[in-house]
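Working notes, beginning with the structure itself.
The values are calculated or read from the model by the stated rules, or taken from the named source; none is laboratory data. Predicted model, so just to flag it, every value in this text is computed and none were measured. Here the Cβ is made from the backbone with ideal geometry for all residues, glycine too, and neighbour counts use every protein chain on show. For accessibility, only protein heavy atoms count, side chains too; no ligands or nucleic acids. Shrake-Rupley method; radii C 1.70, N 1.55, O 1.52, S 1.80 Å.
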Amino acid sequence: MILTVTPNPAVDKSTRTTQLIPEKKLRCSDMVVEAGGGGINVSKGLQRLGAPNMALITSGGFNGKQLEACLQEERISYHTIQIPGETRENIVVLEEQSNNQFRFVLPGPTLQAEIEEDILNAIKNLPVAPEIIVGSGSLPPGFNDNFYARLVTLANQLGAKPIIDCSGKPLELAVAAGVYLVKPNLNELSQLSGVPALETDQVVDAAQSLLKSGSCRMVAVSLGAQGAILVNKEQVIRVPAPTVKKQSTVGAGDSMVAGMCYQIWKNAEAADIIRYGVACGTAATMNPGTQLFQPAEVERLFDWLCKQ
């Protein structure tokens, strides 16, 4: 079983309008309401791929009930940590005239340190220990930067593979704690390397430095339109991004994590792990709004990547 942890989930609301014009009433399409947040999106992707998983989430207020209703509708198994206040909302507006997306991301309620303990204790008390634990998304206001590092430590103690997808100081501390796989983009890898910026030709050296420090087993660097690079102690695998008609990049990174987790759960080779991740991430961009990938598209793209 794969456990995803989303300490700061959101109710994602998406709509579209012809053009964004200041101080005008903008007629919009029907609002689409979905459960969102990094770990939840990973669980949604895993559900589509047929991998057993559970989403551990925080939930509070009316928005929390709406969030849980969305998870129930998608038949995703979940465990709730109740919190005071309202689960946050995110709003995505597509401007049809330009095809630009505008994302409005709210911070969520400030949570006390005991919520961190509740999450970690809930993982310890699961009836079946997970094989993989994925921590993904932003931390809520009030959480310590070392929360994901503590999650990594707990996962290692339980014999689970910890995978972290976040940014900033929480990512730095989580990597130092000993993750199994980390998925930084170029900017995040620069921060982990302690340099202002990295060029593409410096990615492999930077990733190998993380491996040599003993802080992780695999580094999957997302390079957007240039694809991705997976580096482990034995090899460097470069995977191009297939050319597709993109409609939205929302959820592409989470879809990539879901694809890699799925292949790790299947004990796949490193090449298939990164290829499948790129296939899932690319397939997610082919759908509008906050939708993720279609499995049939993933398989088609994966087959193409295997032939490259």
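Within segment 131-145, track down each residue that is under 18 Å from the mean Cα position of the chain (by Cα) and either open to solvent by 60 Å² or more (accessible area, probe 1.4 Å) or within 25 Å of Pro109 (Cα to Cα) (or both).
Passing the criteria: Glu131, Ile133, Val134, Gly135, Ser136, Gly137, Ser138, Leu139, Pro140, Asp145.
Applying the selection to segment 258-289, what residues are closer than 20 Å to Val179 by Cα and touching a strand residue (DSSP E or B) at 6+ places or on another chain (Cβ under 9 Å)?
Within segment 258-289, Ala258, Met260, Cys261, Tyr262, Ile264, Trp265, Ala270, Ala271, Ile273, Ile274, Gly277 meet the criteria.
Does segment 51-103 hold any residues that are in a loop (DSSP other than H, G, I, E, B) and of a type outside the set (S, T, N, Q), and which are they?
Residues satisfying the conditions are Ala51, Pro52, Gly60, Glu74, Arg75, Ile76, Ile83, Pro84, Gly85, Glu86, Glu96.
Out of Gln19, Gln82, which single residue is open to solvent by 50 Å² or more (accessible area, probe 1.4 Å) and either of a type in the set (A, V, I, L, M, F, W, C) or touching a Ser or Thr at 6+ places or on another chain (Cβ under 7 Å) (or both)?
Gln82
Out of Leu20, Leu46, Leu56, Leu71, I need the residue that is within 23 Å of Leu94 (Cα to Cα) and aliphatic (A, V, I, L, M). Which one?
None of the others qualify; the one that does is Leu20.
Looking only at segment 97-130, which residues are open to solvent by 90 Å² or more (accessible area, probe 1.4 Å) and acidic (Asp, Glu)?
The one that is open to solvent by 90 Å² or more (accessible area, probe 1.4 Å) and acidic (Asp, Glu): Glu114.
Check Glu269 against each of (1) free of Cβ contacts under 8 Å to residues at least 40 places away in the same chain; (2) under 26 Å from Leu139 (Cβ atoms) and name the one condition it does not meet.
(2)
Of all residues being of a type in the set (Ser, Thr, Tyr) and in a loop (DSSP other than H, G, I, E, B) in segment 264-308, which is surrounded by the fewest Cβ atoms within 10 Å (Cβ to Cβ)? Just the residue, please.
In the first step, residues of segment 264-308 are kept if they are of a type in the set (Ser, Thr, Tyr); the result is 276, 282, 285, 290.
After this cut, where a residue has to be in a loop (DSSP other than H, G, I, E, B) as well, the list is 285, 290.
Working: Thr285: 20, Thr290: 23.
Only one residue fits best here, namely Thr285.
Which of (1) touching a residue at least 60 places away in the same chain (Cβ under 8 Å); (2) buried (at least 18 other Cβ atoms within 10 Å of the Cβ); (3) in contact with a strand residue (DSSP E or B) (Cβ under 9 Å, 6 or more places away or on another chain); (4) not aliphatic (A, V, I, L, M) does Gly64 not meet, given it meets every other one?
Unmet for Gly64, out of (1) touching a residue at least 60 places away in the same chain (Cβ under 8 Å); (2) buried (at least 18 other Cβ atoms within 10 Å of the Cβ); (3) in contact with a strand residue (DSSP E or B) (Cβ under 9 Å, 6 or more places away or on another chain); (4) not aliphatic (A, V, I, L, M): (1).
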